[in-house]
Amino acid sequence: MAALNRVIRAAYSPFTIRRLSDLVSDPAAIRIKSNPNPNTDPNLSPCTRMAPPVSREKLGTRSVQWVFLGCPGVGKGTYASRLSNLLGVPHISTGDLVRDELASSGSLTKKLAEIVNNGQLVSDEIIIDLLSKRLEKGQTKGETGFILDGFPRTIRQAEILEGVTDLDLVINLKLREDALLAKCLGRRICSQCGGNFNLAAIDFKGENGRPGICMPPLLPPPQCNSKLITRPDDTEEVVKERLRVYHRLCEPVEEFYRARGKLLEFDLPGGIPESWPKLLRALHVEDLENK
Ligand code: ADP
């Protein structure tokens, strides 16, 4: 309960009053358009559906509060981290918080390792405790927004978050399941610099009305080659279990936000070079990249 109180305090505290204009030197650079029907934008792929863009009036003086949803391996971390750099808001990944906790050899380590390495979800209590500590730390640094990655993952988490924040947007990244599996199995992390890479060369043909997809590998620079590690939960058996858990527990969270008109569905059309500009367009922030 104390942990939940901390989340609530964090969400309602004065840390939500940093100006949007702090993000970039020219506040007008954040072009949050009032397009009456963004789903008819001819520049977006037909599989991209958008929630209405957030108005500047609604944001007022704080930074964006966005959430990334999506299956394991879809690239939530990659796109959340790129947007975080672009918008100047912190990227908070609950998966990273869990991995930090695992690396710290604290009292929770053994219990957490067993859960994570079996592809299961950590309890709502533990994850909210980790998240509230991270939010409190941000509060002391004056953070007023966030891009959450991997939270919420259950309806209960979504209800708690909805009770204490007014999320602007929930971005649901989507990719066909065979590509998700290949991407998890190809994922490598440099143990020295922390860089994320992917050795999978995905070139799946379209079939039965399903479009094909091509995602070139994201290879590490030579200096990282000998330091690459694989996440212990990225084995075939565990990834398949994580996907099952996602469909059972996390998919209802998509519906939760769809019903509230906050969900932006984004089908990844390919690798980063193809997907990134389209995602920026769907988010109405493409002109920030040019700056
Ligand atoms: P994924 O690639 O499966 O999306 P993450 O890196 O986001 O993985 O998370 C790794 C693991 O951390 C998850 O499999 C789960 O055990 C735990 N975890 C992360 N976020 C949450 C959450 N919001 N609720 C419960 N468990 C979580």
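For the reader, a short list of remarks on this structure follows.
- For segment 113-168, the spread of Cα positions along each principal axis, largest first, Å: 36, 22, 17
- Placed amide H near G195: partners under 5 Å, 5+ positions off or other chain: C190
- Estimated FRET transfer efficiency when R0 is 25 angstrom, pair D166-A259 (beta carbons, to 0.05): 0.95
- Residue list for segment 165-202, given a label point 7 angstrom along the Cα-to-Cβ vector of E274 and an amide N cut-off under 12 Å: 176, 202
- Residue order, fewest to most surrounding Cβ atoms within 10 angstrom, among T109, T78, T144: T109, T78, T144
- Total formal charge among the other residues, if their Cβ is under 11 angstrom from that of L83, Lys/Arg +1 and Asp/Glu -1: 0
- Reducing segment 76-126 and segment 227-260 to their Cα centroids gives an inter-centroid distance of 13 Å.
- Approximating the spin labels as points 7 Å out from Cα along Cα→Cβ, the E177-to-N290 distance works out to 4.2 nm.
- Put simply, the amide H of I171, placed in the peptide plane, has neighbours under 5 Å in V67, F68, L69, L264, leaving out anything fewer than 5 places away on its chain.
- DSSP-defined antiparallel bridges as percent of all bridges, segment 173-281, nearest 5: 85
- Scattering curve values for segment 151-267, log₁₀ I(q)/I(0), Debye with Cα scatterers, q = 0.15, 0.18, 0.19, 0.22 Å⁻¹: -0.88, -1.07, -1.11, -1.18
- Cut-off 20 Å, label 7 Å out along Cα→Cβ of L185, residues of segment 241-277 by amide N: 241-247, 271
- Sequentially through segment 139-153, phi angles give Karplus couplings (6.51, -1.76, 1.60; θ = phi - 60°) of 4, 5, 8, x, 5, 10, x, 6, 10, 7, 10, x, 9, x, 10 Hz, Gly and Pro residues having no value and appearing as x.
- Peptides 190-201, 163-174 ordered by average Cβ neighbours within 10 Å, highest first: 163-174, 190-201
- A simple rule links phi to the HN-Hα coupling: the Karplus curve 6.51 cos²θ - 1.76 cosθ + 1.60 with θ = phi - 60°, which for segment 90-96 gives x, 8, 10, 9, 5, x, 5 Hz, with x for Gly and Pro.
Values in this text are rule-based calculations from the coordinates and carry no lab data. The structure presented is a predicted model; accordingly, all values stated were derived computationally and were not measured. Backbone-built Cβ (ideal geometry, glycine too); neighbour counts: all protein chains shown.
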